[in-house]
Number of protein chains: 2
Amino acid sequence: MKAVCIISGGMDSALSSYIAKEVDGYEVIAVHFNYGQKTEQKELESFHKIADELQSLKRFVLDLGFIAQIGGSALTDEDKVVPTGGLEEGIPVTYVPFRNGIFLSIAAAIAEREGAEAIYIGVVEEDSSGYPDCSEGFIKMMEAAIDRGTKPQTKIQLKTPLLHLKKEQIVQKASELGVPLEWTWSCYQSQDLACGVCDSCRLRLKGFALAGLEDPIPYQ
Amino acid sequence: MKAVCIISGGMDSALSSYIAKEVDGYEVIAVHFNYGQKTEQKELESFHKIADELQSLKRFVLDLGFIAQIGGSALTDEDKVVPTGGLEEGIPVTYVPFRNGIFLSIAAAIAEREGAEAIYIGVVEEDSSGYPDCSEGFIKMMEAAIDRGTKPQTKIQLKTPLLHLKKEQIVQKASELGVPLEWTWSCYQSQDLACGVCDSCRLRLKGFALAGLEDPIPYQ
C-alpha cells in the first residue's frame, strides 16, 4: 500500500506524512516542490530529513519554477513583502494562485504512475491563513476531478488528516508521533533564524504556546 | 475580455484559440508547455507562429520538465516506442498521466493572476485517442474544482469548443477561420517530416481526407 505524500518541509505536511506511515500504514512516496519561494533551500533540506526519517520508498523533488514566472504572491515575488503585522481579514498576499490545485494535479500524475492509492496533503482549513485552495470543498472537488481524469482502474483518495485540526492539536499530535519538529521549517521569509512575525511563524508559535510545548527551532 | 489559451502547436489547440479570438472576441493570453516530449522543439516553433498570428496579449512558455521525470508515457520516455500500427482499443501508451489536469491547474493560476475569464483547451472527446483527461465529465469537474480553489471573486470558465467535433469538422472549421494549418504540428515522433503513421498523424490525415482538403505539412 503506497501513498504519495506532499512534504513542504513545514510542520503540517510532516505530520500528515507521519500519519500516512505510522497511523494508516502506507509506504511513503515523498514529493517536494521547489517553486522559487524565498525559503526554497531551507524547505528542501527539511524535506530530505523528514523523508529520511520516513524511510521513503521513493523521492521526487520537482522544479516548478513556472510558479514564480506566473507570479502574484509575496512568497515568490521579489517586489512583494511578506507581511509581519499579524493575520488580517481576507486572502493574504502570500497566496500563490491555485497552488494546491497544481500540487495535487502533479501528485495525482505521480500516484497514477506509481500505483499509489492515496495522496496526503497537510492542508488546514479553519485555523490557517484562509487560502481558498485549503478548503474541504476544494479538496472534495479535486478528488472527483482526479478520479474522472485518470484511467478507469486508477483510484486515488485525497487524504487531509489535518483539515479540521487547530494548530495546538497539530503540535501535540506531531509530538506524540515523534515527528522531528526540530527539522521542520515554517517561516515564509528567513532561512537561518525564523522571523517569528510572518503569518506562518505566528501560527506555529501560537500552536506551540497553546500546546504548552517549546518550539525547538531557532528564532531571531 | 481576456482568455488563457493553451496552445500545443497542434491543429486542435490552434483552432480552439482562433475560436477564442475570432468567434468569441477574447484577447488571447497564449500558454505553451514544454514537458520533454519528443517533438518539443517543433511544437514550440508552431506555438510562436500561432501566437504571432493571434497577436497574443501576453505569452507564457513554461517548462514542465517534471512530467518527463514522472514518466509513464511513450511521448516522453526514451525506452517507450510511439505506436504506428493504428489506434487500438483502450488507453494508448502515449497517455501522459493526468496531463490535462496539470495543464488546466497551471492555466487556472495564470488566469487568476492575469484576470482572465476563460481558459480555452482544444480537447476532443469522441473522435480522439481516448485519453481520460479529454472527457467532458473531467472538464466539468475540473472547472468546479478551479472555481472552489481560487479566490471568491475569481470566475473562470473552461471552454472546449472542439469537444464534440469530428476531425474532419476541425479541419473544415480551421480552414474557414484562416488557421495557419501549415504551421501546426501533430506528429508524436518526428520534427522535420511528419511520420504519417502515429495515432496523431493518422487522426490528422483522416480529418483532411474526409474534409476533402490537402494537408499542407510535409510527410515522410
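For the subset of the range B:119-133 comprising residues that are in a loop (DSSP other than H, G, I, E, B) and within 11 Å of chain A (Cβ to nearest Cβ), which member is modelled with the lowest pLDDT? For the range B:119-133, the residue satisfying everything is B:G130.
Listed conditions (1) surrounded by fewer than 18 Cβ atoms within 10 Å (Cβ to Cβ); (2) in contact with a Leu (Cβ under 9 Å, 6 or more places away or on another chain); (3) not in a helix (DSSP H, G or I) are all met by B:C5, apart from (1).
The residue list A:V93, A:V28, A:V4 contains one member that is in contact (Cβ under 8 Å) with a residue 24 or more places away in the chain, under 29 Å from A:F208 (Cα atoms) and either out of contact with any strand residue (DSSP E or B) (no Cβ under 7 Å at 6 or more places or on another chain) or within 14 Å of another protein chain (Cβ to nearest Cβ) (or both), which is A:V4. Within the range B:56-71, is even one residue away from chain A (no Cβ under 14 Å) and either of a type outside the set (D, E) or within 18 Å of the chain's Cα centre (by Cα) (or both)? Yes, the range B:56-71 contains a residue that is away from chain A (no Cβ under 14 Å) and either of a type outside the set (D, E) or within 18 Å of the chain's Cα centre (by Cα) (or both). Restricting attention to the range A:196-220, the residues being in a loop (DSSP other than H, G, I, E, B), surrounded by 14 or more Cβ atoms within 10 Å (Cβ to Cβ) and over 19 Å from the mean Cα position of the chain (by Cα) number 2. If you go through the range B:134-166 and pick out every residue that is more than 14 Å from every other protein chain (Cβ to nearest Cβ) and crowded, with 24+ Cβ neighbours inside 10 Å, you end up with 1. Within the range A:97-118, if we keep just the residues that are part of a loop (DSSP other than H, G, I, E, B) and within 8 Å of chain B (Cβ to nearest Cβ), the residue that is surrounded by the most Cβ atoms within 10 Å (Cβ to Cβ) turns out to be A:F98. Taken as a whole, the range A:169-183 holds at least one residue that is touching a residue at least 60 places away in the same chain (Cβ under 8 Å), touching a Lys or Arg at 6+ places or on another chain (Cβ under 6 Å) and of a type outside the set (S, T, Y).
Note on the range B:19-43: residues that are among the polar types (S, T, N, Q) and either in contact with a Pro (Cβ under 6 Å, 6 or more places away or on another chain) or not in a loop (DSSP other than H, G, I, E, B) (or both) amount to 2.
For the residues A:S56, A:S16, A:S46, the requirement of being assigned to a loop (DSSP other than H, G, I, E, B) and of a type in the set (S, T, Y) singles out A:S56. When you scan the range A:6-28, how many residues do you find that are β-branched (V, I, T) and touching a helix residue (DSSP H, G or I) at 6+ places or on another chain (Cβ under 6 Å)? Within the range A:6-28, residues that are β-branched (V, I, T) and touching a helix residue (DSSP H, G or I) at 6+ places or on another chain (Cβ under 6 Å) number 3.
In the set (1) in a loop (DSSP other than H, G, I, E, B); (2) more than 25 Å from B:F60 (Cβ to Cβ); (3) touching a helix residue (DSSP H, G or I) at 6+ places or on another chain (Cβ under 7 Å), A:P92 fails one condition alone, (2).
The values are calculated or read from the model by the stated rules, or taken from the named source; none is laboratory data. Please read these numbers as outputs of a predicted model, since none were measured by experiment. Every residue, glycine as well, gets a Cβ built from its backbone with ideal geometry; the counts of neighbours run over all protein chains shown.
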